[in-house]
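A short write-up of the structure that comes next.
The values are calculated or read from the model by the stated rules, or taken from the named source; none is laboratory data. Keep in mind the model is a prediction, meaning the values are calculated, not measured. Cβ: placed from backbone, ideal geometry, glycine included. Neighbour counts: every protein chain shown. For the accessible areas, the whole protein counts, side chains as well, though only heavy atoms, and no ligand, DNA or RNA atoms are used. Shrake-Rupley method; radii C 1.70, N 1.55, O 1.52, S 1.80 Å.
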Amino acid sequence: MDPATALQRVLCNSMPLRHRLRYFSSACAVLVCLLATSGCDSQEQQDIFVQDAGATPEAFARTDNTGRIVDDDPDDWRVAPVFGGKVRFDPAYPNPVSGGFVIIPVTVLEFNAIQGGLALRARDASGRLRTLDDILDASDPGAYIFRFSPALLNRTGLIRVFIFDRLGELVSYGDLMIQ
């Protein structure tokens, strides 16, 4: 019996109370199963997102010094399924970069969507994951930025940068061409 029919029977006064309670508990059980199943789907989607982030970068979103997108890469700066609709990332700029600083704009869309802030990380020349910048408190909606010098990584070429929350959950990633 589908949940809507069960709920209608619960609300129907012509049934004995014990039957209404039985139908109500059946409807609740179906609802719990549906919610549990949808939770598995979102975890599976998050796992796929993390797997995609671990792939070797192949392209990058080309931007100018003002952040205007010259050539987009749809794989860059996607938001993890767990954070969908809660936060947005604009492409890093300038990209490619040959010196100076890189900026990555972040927009938080919901209160308390990001618990404990965000950390921007990338692998340095020795392969260690290094923190490039932090946003210590991003619990309120608004605009934030990551700002860092690619010289911190001591490497050139196409590299992938990762954005994590303070619990270590991957939030986004994108590719940067360091010349």
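Quick one: Debye curve from the alpha-carbon atoms of region 69-179 only, equal weights, vacuum; give me log10 I(q)/I(0) at q = 0.13, 0.19, 0.22, 0.24 Å⁻¹ to two decimals. Taking Cα atoms of region 69-179 as identical point scatterers yields -0.44, -0.95, -1.24, -1.43. Under 17 Å from a label point set 7 Å out along the Cα-to-Cβ vector of T56, the amide N atoms of region 145-171 belong to 156-161.
Heavy atoms of the protein chains alone define the surface here; on that basis region 31-179 has 53 Å² accessible area per residue at 1.4 Å probe size. The ratio of the alpha-carbon radius of gyration of region 131-179 to the globular-protein estimate 2.2 N^0.38 Å is 1.27.
Provide E110, E44 ordered by accessible surface of protein heavy atoms (probe 1.4 Å), highest first. Write out the running numbers ahead of the final one.
Values: E110 80, E44 110 Å².
Result, largest first: E44, E110.
Note on I135: accessible area is roughly 10 Å² with a 1.4 Å probe, heavy atoms of protein only.
Ranking request for peptides 167-176, 66-75: highest mean number of other beta-carbon atoms within 10 Å first, then the rest in descending order. Intermediate results must be reported in sequence, preceding the final value.
Values: 167-176: 18.9, 66-75: 12.6.
Put in order of decreasing packing, that is 167-176, 66-75.
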